[in-house]
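Report on one structure; see the data block that follows.
The values are calculated or read from the model by the stated rules, or taken from the named source; none is laboratory data. Values in this document were obtained by computation on a predicted structure and should not be read as measured data. FYI the Cβ positions are ideal-geometry reconstructions off the backbone, even for glycines, and counts take in every protein chain you see. Heavy atoms of the whole protein, side chains included, go into the accessibility calculation; ligands, DNA and RNA do not. Shrake-Rupley method; radii C 1.70, N 1.55, O 1.52, S 1.80 Å.
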Amino acid sequence: YWPILFFQTKCGVSAYELGINTIAMNLKNEKSNEETIAKLQRAFPNYSISNPMSEINASVDEVCSYIELALTAFSIIAVVISILILTVCSYLHVLESKKEIGLARCIGLSKKEGKKILYAHSIIMCFISFLMASVELLFLNFFICYVIGNEMGSGFVFTFNPLALVFML
């Protein structure tokens, strides 16, 4: 009875003048919201039935998609920088390993096998940097969506777009 008491005490409206024509609800199962609202609307045509959290959830999803775009742009920039760093590291590795490569060639290592070692070194460096960047992207995406979802008071649904990993790879 608290809504009736609220309107009586704070607004000065009599309980007999109050008429309920709207039902607001929040369902636990986000997937069946529209279906349940449609069923209730058909069952009770005199009432207006709505889910007030649907608009908030939509706005949180929109904000998270913008943040995801920003993280994707950040990832692309990070990839360009990492390619430059990888090139410099590989060049420095070759310069520092000239004597070792020359010694290996004297032992009997062919040029082809020497190039394979350098390529393997570069691929291992790429793989380690990809793993680190992927973990960072997943963590930031999860954390930012979680914080925004909690601040807005909506149900938190974490989704990840694997397209960002394709860009990084």
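The table below gives the values:
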read-out: Helix-only CD estimate at 222 nm, as mean residue ellipticity for the chain, using -39500 (n - 2.57) per DSSP H run (n ≥ 4); value: -25000 deg cm²/dmol
read-out: Rounded percent of accessible protein surface that carbon and sulfur make up, the stretch 48-169, 1.4 Å probe; value: 74
read-out: Hull shadow area, averaged, the chain [alpha-carbon convex hull, nm²]; value: 15.9
read-out: Area accessible to solvent at MET132, 1.4 Å probe radius, in Å²; value: 130
read-out: In Hz, Karplus ³J(HN,Hα) per residue of the stretch 51-57 (6.51, -1.76, 1.60; θ = phi - 60°; x = Gly, Pro); value: 10, x, 7, 5, 5, 5, 4
read-out: VAL13 - accessible surface, heavy atoms, 1.4 Å probe, Å² rounded to 10; value: 40
read-out: Rounded to the nearest 10 Å², the accessible area of ILE85 at probe 1.4 Å; value: 90
read-out: Mean shadow area of the stretch 91-169, taken as a quarter of the surface of its Cα convex hull (nm²); value: 7.1
read-out: Point-to-point label distance, ARG105-LYS39, nm (Cα→Cβ direction, 7 Å offset); value: 7.7
read-out: Angle between the chain longest axis and helix 98-107 axis [Cα atoms, degrees, rounded to 10]; value: 60
read-out: Per-q log10 I(q)/I(0), the stretch 48-133, q = 0.11, 0.18 Å⁻¹ (Debye; single scatterer per alpha-carbon; no solvent); value: -0.53, -0.86
read-out: Chain lengthening between PHE127 and TYR146 when straightened (0.36 nm per residue, less Cα-Cα); value: 4.0 nm
read-out: Nonlocal amide H pairs with ILE49, under 5 Å, H built at 1.01 Å; value: ILE23
read-out: Farthest toward positive dipole pole in the chain [+1 Lys/Arg, -1 Asp/Glu at C-beta], among SER14, ILE83, LEU138; value: ILE83
read-out: Accessible area (Å², per residue) of the chain, counting only protein heavy atoms and a probe of 1.4 Å; value: 76
read-out: Label-point separation, SER134 to TYR66 (7 Å along Cα→Cβ), nm; value: 3.0
